[in-house]
Amino acid sequence: DFAAMIEVGRYGTRTAAFDAIFSATEDHFWDPQDARYIDFAQGFDLAEDTMLPGEMIVELHSAVADRLVEGQKIRLANQNARFMISSILHGEQGALSLSARLCQLLREPGAQEYAANQAREEARHVAGFSRYIAARWGAPLRSGATLASLLDEVVRAPEVYKKLVGMQMLIEGLAMGAFATIHSRTHDPVLPRLIQLVMTDEAFHHRF
């Protein structure tokens, strides 16, 4: 309802509830295209080492692993990590799409500004994880059916509260847990830096 957006009285109703988040935006700015923030050219040999420790790869603790030589185990572990990081990328795209939709749905100017701010930050997360995956594997893997269904339901939900609870609390909360684990356990020197930058942004989204 764009007519509601240009009602004269609406512009003077802006809440100050999110001003602290806006003010901090520049403090945690980063650019995934700028090597001064993160250098995606830094190497990691996927044939020699696993991106995540073996104990985090469930398949390596099953009968499947008994039939594999060491090089195959490393490849299986790293393809598992590829799927995990690809899932994170898809989640970030879901957050970007949802934030962009909130810009059209939220009538309150301060809340609308917050959604626009988050959309910008989610866009750089998509860019960051896209560059990381391209550097390590060339391309991401497709989303699993469960995650794709959840993201689709949250993004397309007509009720604003479902979008906010589903993304800002449920999905962002799960992501923060995954980020913390990956950050502390990964063997790849580039990944902790990317996760650190993303987590700083996500902390403000979760706070919202």
Some residue of region 114-123 being more than 22 Å from T15 (Cβ to Cβ), of a type outside the set (V, I, T) and open to solvent by less than 20 Å² (accessible area, probe 1.4 Å): no
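Residue by residue, here is whether (1) farther than 20 Å from L150 by Cβ; (2) touching a residue at least 40 places away in the same chain (Cβ under 8 Å); (3) in contact with a helix residue (DSSP H, G or I) (Cβ under 8 Å, 6 or more places away or on another chain) holds:
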| residue | (1), (2), (3) |
| --- | --- |
| Q168 | no, yes, yes |
| I171 | no, yes, yes |
| A175 | no, yes, yes |
| A178 | no, yes, yes |
| H183 | yes, no, yes |
| H187 | yes, yes, no |
| L194 | yes, yes, yes |
| F204 | yes, yes, yes |
Index of the failed condition, M51 passing every other in (1) in a loop (DSSP other than H, G, I, E, B); (2) open to solvent by 20 Å² or more (accessible area, probe 1.4 Å): (2)
Qualifying residue in region 72-83 (condition: assigned to a helix (DSSP H, G or I), open to solvent by less than 50 Å² (accessible area, probe 1.4 Å), among the small types (G, A, S) and closer than 27 Å to S149 by Cα): yes
Selection within region 54-71 - outside any helix (DSSP H, G or I) and more than 27 Å from V190 (Cβ to Cβ): S62, R67, V69
Filtered residue count, region 1-34, keeping only those that are in a helix (DSSP H, G or I) and either touching a residue at least 60 places away in the same chain (Cβ under 8 Å) or of a type outside the set (G, A, S) (or both): 14
Some residue of region 136-157 being modelled with pLDDT of 95 or more, of a type in the set (F, W, Y) and open to solvent by 30 Å² or more (accessible area, probe 1.4 Å): yes
Residues satisfying the stated conditions in region 84-101, i.e. hydrophobic (A, V, I, L, M, F, W, C), open to solvent by 10 Å² or more (accessible area, probe 1.4 Å) and under 11 Å from V160 (Cα atoms): none
Residue within region 178-185 that is modelled with pLDDT of 90 or more, of a type in the set (G, A, S) and open to solvent by 60 Å² or more (accessible area, probe 1.4 Å) present: yes
Subset of region 73-97 (residues that are in contact with a Phe, Trp or Tyr (Cβ under 7 Å, 6 or more places away or on another chain) and small (G, A, S)): none
Test result for D27, open to solvent by 50 Å² or more (accessible area, probe 1.4 Å), under 20 Å from S184 (Cβ atoms) and not aliphatic (A, V, I, L, M): no
Residue match in region 54-66 (condition: under 26 Å from M169 (Cα atoms) and at pLDDT below 95): yes
For F18: the one exception among (1) open to solvent by 30 Å² or more (accessible area, probe 1.4 Å); (2) under 25 Å from the mean Cα position of the chain (by Cα); (3) more than 26 Å from L164 (Cβ to Cβ): (3)
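The values are calculated or read from the model by the stated rules, or taken from the named source; none is laboratory data. Values in this document were obtained by computation on a predicted structure and should not be read as measured data. For neighbour counting, all protein chains shown are included, and Cβ atoms are generated from backbone atoms with ideal geometry for every residue, glycine included. In case anyone asks, the SASA skips ligands and DNA or RNA and just uses the protein heavy atoms, side chains included. Shrake-Rupley method; radii C 1.70, N 1.55, O 1.52, S 1.80 Å.
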